[in-house]
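Structure first, commentary second.
The values are calculated or read from the model by the stated rules, or taken from the named source; none is laboratory data. Computed from a predicted structure; not experimentally measured. Backbone-built Cβ (ideal geometry, glycine too); neighbour counts: all protein chains shown. To get the accessible areas, we keep the full protein, side chains included, count just its heavy atoms, and leave off ligands, DNA and RNA. Shrake-Rupley method; radii C 1.70, N 1.55, O 1.52, S 1.80 Å.
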Amino acid sequence: MLQEYTKIMVGIDGSVESANAFDRAVAVARRNDAELLLVNIIDLRAFQSISTYDTMVAEDTKKGAEQLISDFAEEAKKAGITKVKTRVEFGSPKVMMATTVPKEENVDLIMIGATGLSYIERLFIGSVAQYIVTHAKCDILVVR
């Protein structure tokens, strides 16, 4: 018996890997008549050195992420996906994509692009994909 999915979450960050994950997610969503949830989590660590009073940078970053997600949502609709939802939020990409958003949205499949980091970079920075694979409670497909 094949697994059927009803809500597929795909992480979109503008990388080639996330675009590949999106393409695969569209195909899986179409086969399963599933809802596609496009997510971009803006890492709060990027704003640690910016003054807490300078919200313009954060607002511009969010607007850019919303435009990116909107473009992908339009592409999904053109590909025949009728149920598309988007989320752009500030937080820890690892935690938000592994546990918070999937729980809030009842996601049953997470699709993400494989990391482009080297072994040393993963050691010091950590891989979002690796964290999701380790901590998520639903199925995960890492697209290379």
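Structure notes:
- Taking (1) part of a helix (DSSP H, G or I); (2) open to solvent by 60 Å² or more (accessible area, probe 1.4 Å); (3) more than 17 Å from Val10 (Cα to Cα); (4) at pLDDT below 90 in turn, Gln130 satisfies each apart from (3).
- Residue ID - most open to solvent (accessible area, probe 1.4 Å), chosen from residues in segment 5-23 that are modelled with pLDDT under 90 and either over 23 Å from Lys62 (Cβ atoms) or of a type in the set (Gly, Ala, Ser) (or both): Gly14
- For Val57: the one exception among (1) among the aliphatic types (A, V, I, L, M); (2) open to solvent by less than 20 Å² (accessible area, probe 1.4 Å); (3) without any contact (Cβ under 8 Å) to a residue 12 or more places away in the chain: (2)
- Of the criteria (1) closer than 23 Å to Lys94 by Cα; (2) at pLDDT 95 or above; (3) open to solvent by 10 Å² or more (accessible area, probe 1.4 Å), which one Ala27 fails: (1)
- A residue that is modelled with pLDDT of 95 or more, under 22 Å from Asp139 (Cα atoms) and of a type in the set (A, V, I, L, M, F, W, C) occurs nowhere in segment 58-69.
- Being within 23 Å of Lys137 (Cβ to Cβ), open to solvent by 50 Å² or more (accessible area, probe 1.4 Å) and outside any helix (DSSP H, G or I) is a property that does not hold for Thr82.
- Residue check, Val95 hydrophobic (A, V, I, L, M, F, W, C), within 12 Å of the chain's Cα centre (by Cα) and either at pLDDT 95 or above or surrounded by 13 or more Cβ atoms within 10 Å (Cβ to Cβ) (or both): yes
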